[in-house]
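**Q** Structure incoming, see below.
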Amino acid sequence: MGTGNVKITVSPKTIIPTRPCTVAMEEDRHSRKAPIAVIGLGSPIMCDDAVGLRVSQTIEDMGFDDVECHQEAVGGLDILPVVHGYRHAVIVDAIQTGNYGPGTVLIFKESDFDDVITCSSCHDVNLPTAMKIGRQMDPDIMPDEVMFVAVEVQDIRTITETMTPEVEGAVDSAVSATLHVLGMFRNQDRNDRSL
């Protein structure tokens, strides 16, 4: 049984963040330091899958007082404790539809995924299904609104810390899309306060 030719390029500083699903379940909207979360999902060692992490880190480096950023290697129901307690959340992740060229940046609302909500095992739920379950279980601690910034990727199977050139080149556009969504959330909050 051969192992094949797999080149692994991992730096000693690589950290794969994880968060158990049981933490923060009792947090309420007032327990967070900021009203908005930017959550970058992915793996730092799986080529293009790192794009969400990079976008979230870039936003974090900008130092907004009203935004908390997370870089997470979670999926399914494990996303719920990460979004709990925020008024708004932006989830940034890789997407591989084959319908767009690699590096295409897309913005989605939760309702855009209504047709992909499934009743599969809790060990394998997609993000839209996890959001729906979260809203049914704990609606008072779920964000009022969740938006998704997705980057069409090319390679999420190669073990490397380097993204493909197309996806690397899309990081700035994905950051701009995330900033656009943050602006929408801020405007919405200003309008809500003026009522």
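What follows is calculated from the coordinates using simple rules that are stated; it is not laboratory data. Keep in mind that what you see is a predicted model, and the values were worked out from it rather than measured. Neighbour counts run over all protein chains shown; Cβ positions are idealised from the backbone, glycine included.
**Q** Take every DSSP beta bridge whose two residues both sit in the range 36-194, then give the antiparallel share in percent to the nearest 5.
**A** Counting only bridges with both partners in the range 36-194, antiparallel ones make up about 20 percent.
**Q** What is the Cα centroid distance between the range 32-69 and the range 70-110, reported in whole angstrom?
**A** Rounded to whole Å, the Cα centres lie 10 Å apart.
**Q** Tell me, what HN-Hα J-couplings in whole Hz come from the Karplus equation 6.51 cos²θ - 1.76 cosθ + 1.60 at θ = phi - 60° for each residue of the range 85-100, using x for Gly and Pro?
**A** With coefficients 6.51, -1.76 and 1.60, one gets x, 9, 6, 9, 9, 10, 9, 10, 8, 6, 9, 9, 9, x, 8, 9 Hz.
**Q** Taking the number of other C-beta atoms within 10 Å as the exposure measure, put HIS180, HIS88 in order starting with the fewest.
**A** HIS180, HIS88
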